[in-house]
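Below is one structure, written out as structure tokens; comments come after it.
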Amino acid sequence: MKYSYFLISIFLSIHSANTYANEIDMPTLMKLFAVNKNIKTEFVERKFVRILDSPVESSGELIFIAPAHLEKNTKSPRAESMMIDGNKVSIERGSFKRSMSLDDLADMASLVQSMTATFRGDQGGIEQYFKWVLTGTIKKWQLVLRPKNIKLFVTIREISFKGEGDFVHTVETTLTDGDSSLMTLGRAIKIGAK
């Protein structure tokens, strides 16, 4: 009988040690992201808007070049490009072209801040605007960001990143009005700086 208890206690000790060893913490996740400074990936985005019967789907390519260059090049259903370089935003859709400052777009600035800070592994950059909750293991994790200042970020309720190791495969943005966006990302490819 004592032998059985001894084996059970060893099993539980090993199981507990393995469980804790596989849990992920924020510094570890940020170190994984910091390695991939310049990447590109394919995306599929589905926008769920309350007034529409079905989601609006688009696809294309995302490019991130550290520290703060982000491009979203939509290929389908129609060509559209949004480029963020530091504090400048440029949008092109057919013959329409517009440039503006992120200072004029608080909610967009928070979304850009969360994306670029996450992709470059900058915990301080995330914490500047967001409270975060990280759950899971290194093999399957979720990072949820919620705005610290509700007055500043009126429309964003939360941004959720899901992934495995250094691979972010899903970015879900939920707005305060109930609308949401679900972006699925392909495996990132390292590229040279521009």
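The values are calculated or read from the model by the stated rules, or taken from the named source; none is laboratory data. Just so you know, these numbers come straight off a predicted model, no measurement behind them. So basically every Cβ, Gly included, is an ideal-geometry build from the backbone, and we count neighbours across all protein chains shown. Heads up: the accessible areas ignore ligands, DNA and RNA and are worked out on the full protein's heavy atoms, side chains in. Shrake-Rupley method; radii C 1.70, N 1.55, O 1.52, S 1.80 Å.
Is at least one residue of the range 30-48 over 14 Å from the mean Cα position of the chain (by Cα), β-branched (Val, Ile, Thr), outside any strand (DSSP E or B) and more than 28 Å from Thr176 (Cα to Cα)? Yes: the range 30-48 contains one or more residues that are over 14 Å from the mean Cα position of the chain (by Cα), β-branched (Val, Ile, Thr), outside any strand (DSSP E or B) and more than 28 Å from Thr176 (Cα to Cα). Taking the range 136-156 as the range and being open to solvent by 70 Å² or more (accessible area, probe 1.4 Å) and at pLDDT 90 or above as the test, the residues that pass are Lys139, Lys140, Arg146.
Selection of the range 81-111 for residues being β-branched (Val, Ile, Thr) and either open to solvent by 50 Å² or more (accessible area, probe 1.4 Å) or within 17 Å of Asn38 (Cβ to Cβ) (or both) yields only Ile84.
Restricting attention to the range 24-80 and to residues that are under 19 Å from Arg120 (Cβ atoms) and without any contact (Cβ under 8 Å) to a residue 24 or more places away in the chain, the residue that is surrounded by the fewest Cβ atoms within 10 Å (Cβ to Cβ) turns out to be Glu61. Residue under question is Gln113, and the condition is that it be at pLDDT 95 or above, within 21 Å of Asp25 (Cα to Cα) and not in a loop (DSSP other than H, G, I, E, B); does it hold? Taking the combined requirement at face value, the residue does not satisfy it.
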